[in-house]
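Only one structure is covered here, and it is reproduced in the block below.
The values are calculated or read from the model by the stated rules, or taken from the named source; none is laboratory data. On a predicted model such as this, the values are computed, not experimentally measured, just so you know. With ideal geometry, Cβ positions are generated from the backbone for all residues, glycine too; neighbour counts draw on all protein chains shown.
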Amino acid sequence: MILKRFIDKSNKKYVKKSVLNRVVQPNDNKINSIGVLVDNNEFTDIEWINNLAQSLKVNQNQLKILSYFNPKKEEISVFTNTFAKKDLSRNGQFKSQIAKDFVNTSFDLLINLYQTNDLALQVATAATNATLKVGLNNTNPELNDLIINVNINDKSVFKTELIKYLNILNKLK
């Protein structure tokens, strides 16, 4: 129990430090790669994510999805790349190679499709190297560069708003 609190405290400190040290460099680069961070309990529509990538004119091989999964619920994840809270070590480090590979990949756009304030998701968002981070409302606003104020179930509104703002920022091909 004490170890768990220590790990949580060090990860909260890591998230705060990452937010403070993040330097956003404005650039004219177009979006070529997308990372999507999903909470498996809230969102499971893989086809919608693939269609979103096609709408943003990103190749499927430049799309990576990482799902936060709670194995205690005895459900099966529809996503192949998953991590759980037990995969989170201290100071923002992951034990899972899948999570390590995801956060070490450099993305042009990171889409955070979760509304919970789960620490493991926040650490994954903070640790991921992305030029632009987009999230939904009800999450830690300091982690994202752009917050689209819609419910996670309003997928068509999210897609429309995301494309609209990416066009305004001149990020689409």
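Per-structure values
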read-out	value
Segment 57-78, residues that are touching a helix residue (DSSP H, G or I) at 6+ places or on another chain (Cβ under 7 Å) and surrounded by 12 or more Cβ atoms within 10 Å (Cβ to Cβ)	63, 64, 65, 66, 68, 78
Residues of segment 32-41 that turn out to be modelled with pLDDT of 90 or more and under 22 Å from residue 141 (Cβ atoms), as a count	6
Helices (runs of 4 or more DSSP H) completely within segment 71-173 that count 3 or more residues being closer than 19 Å to residue 52 by Cβ and polar (S, T, N, Q)	155-168
Qualifying positions in segment 11-24 - touching a Gly at 6+ places or on another chain (Cβ under 8 Å) and either of a type in the set (Gly, Ala, Ser) or part of a loop (DSSP other than H, G, I, E, B) (or both)	18
Hits in segment 120-173 (condition: aliphatic (A, V, I, L, M), touching a residue at least 24 places away in the same chain (Cβ under 8 Å) and under 20 Å from residue 44 (Cα atoms))	120, 121, 124, 134, 136, 152, 162
